[in-house]
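A.B. asks: Got a structure for you, written out below as structure tokens; questions coming shortly.
The values are calculated or read from the model by the stated rules, or taken from the named source; none is laboratory data. None of the values given here were measured: they were computed from a predicted structure. When we count neighbours, we look across all protein chains shown, and the Cβ atoms used for this are built from the backbone with ideal geometry, even at glycine. Calculation scope for accessible area: heavy atoms of the full protein, side chains included, ligands and nucleic acids excluded. Shrake-Rupley method; radii C 1.70, N 1.55, O 1.52, S 1.80 Å.
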Amino acid sequence: MSLIFRMIMLLIASKFKPQLPIKHPKNSLKLRVLPNDLDINLHMNNGRYLTICDLSRVDMFIRTGLARTMQKEGWMPVIAEHTMKYKRSLKPFQKYVVTMEIINWDEKYFHMIHTFFVGDKVVAEGTSIGCVISKAGTISPEYVMAKVTARLEAKKT
């Protein structure tokens, strides 16, 4: 399955999942290693882990309401730093779960952890630092969360 189809499936599925809180959201995706995820060693390519982390963030953006707020405000999410630690290989067609959690934020960045599991075993862990930007520059996480919360509250009334 090409990445575009995986993304389309995620965009549709995310709309039917429960909403997540904007502060400290945690999500999970159940996936399978596909042939186009493999490298010459016939395990999931190290770069594909980063792509899967992107998909996990998109799921979180949709489920928290951040995606709609970014769209309305003309904002964009940007990853400033990402690191991965690989502990075990993911083999062809192997099922796995990736979780993502925003664990903290400061005046500029959101700090995230991505964990890949097979069963209860961790096979890879990643950390991301990202921000939301506009044409005027970086938007503070506190402002982003307040804007999402206000939009969701206004939508309820």
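A.B. asks: Filter the chain for me: DSSP H helices, axial length by Cα at least 27 angstrom, mean Kyte-Doolittle hydropathy not below -1.0. List them by residue number. Display every interim value, and only then the final one.
C.D. replies: Working: long enough: 46-64 (28 Å, 0.01).
Those that clear 27 Å and a mean of -1.0 are 46-64.
A.B. asks: What aspartates and glutamates could a cross-link reach from LYS85, if we take a straight Cα to Cα line under 20 Å and drop same-chain neighbours fewer than 8 places away?
C.D. replies: Correct list for LYS85: ASP37, ASP39, ASP54, GLU101, ASP120, GLU125.
A.B. asks: Heads up, I need the accessible area for VAL78: 1.4 angstrom probe, whole protein in place, Å², nearest 10.
C.D. replies: 50 Å²
A.B. asks: Answer rounded, prolate or oblate for the stretch 114-157, using the Cα gyration tensor with square roots of eigenvalues a ≥ b ≥ c: rounded when a/c is under 1.5, else prolate when a/b is larger than b/c, else oblate. Don't jump to the answer; show the numbers that get you there.
C.D. replies: Working: a/c = 4.98, a/b = 1.75, b/c = 2.84.
Oblate is the answer for the stretch 114-157, as a/c is 1.5 or above yet b/c matches or exceeds a/b.
A.B. asks: In addition: Which net charge results when you count Lys and Arg as +1 and Asp and Glu as -1 among the other residues whose beta-carbon is under 11 Å from that of HIS111?
C.D. replies: -2
A.B. asks: Excluding ASN27 itself, calculate the net charge of residues whose Cβ lies under 15 Å from the Cβ of ASN27, where each Lys or Arg counts +1 and each Asp or Glu counts -1.
C.D. replies: +4
A.B. asks: Work through the residues other than CYS131 whose Cβ is under 11 Å from its Cβ and net out their charges, Lys, Arg +1 and Asp, Glu -1.
C.D. replies: Here the charged neighbours net out to -2.
A.B. asks: Taking a virtual spin label 7 Å from the Cα of PHE93 along the C-beta vector, which residues in the stretch 31-74 bring their backbone nitrogen under 12 Å of it?
C.D. replies: 33-35
A.B. asks: Of all the accessible heavy-atom surface of the chain, with the other protein chains kept in place and a 1.4 Å probe, what percent is carbon and sulfur? It would help to have the intermediate numbers written out before the result.
C.D. replies: Values: 5300 of 8990 Å².
That share works out to 59 percent.
A.B. asks: Of LYS108/LYS147; LYS95/LYS155; LYS23/LYS135, which ones are farther than 27 Å apart at the Cα?
C.D. replies: Violating the 27 Å limit, Cα to Cα: LYS95/LYS155.
A.B. asks: On the full set of protein chains, 1.4 Å probe, figure out the accessible area of LYS26 and give it in Å² to the nearest 10.
C.D. replies: Number for this one is 110 Å².
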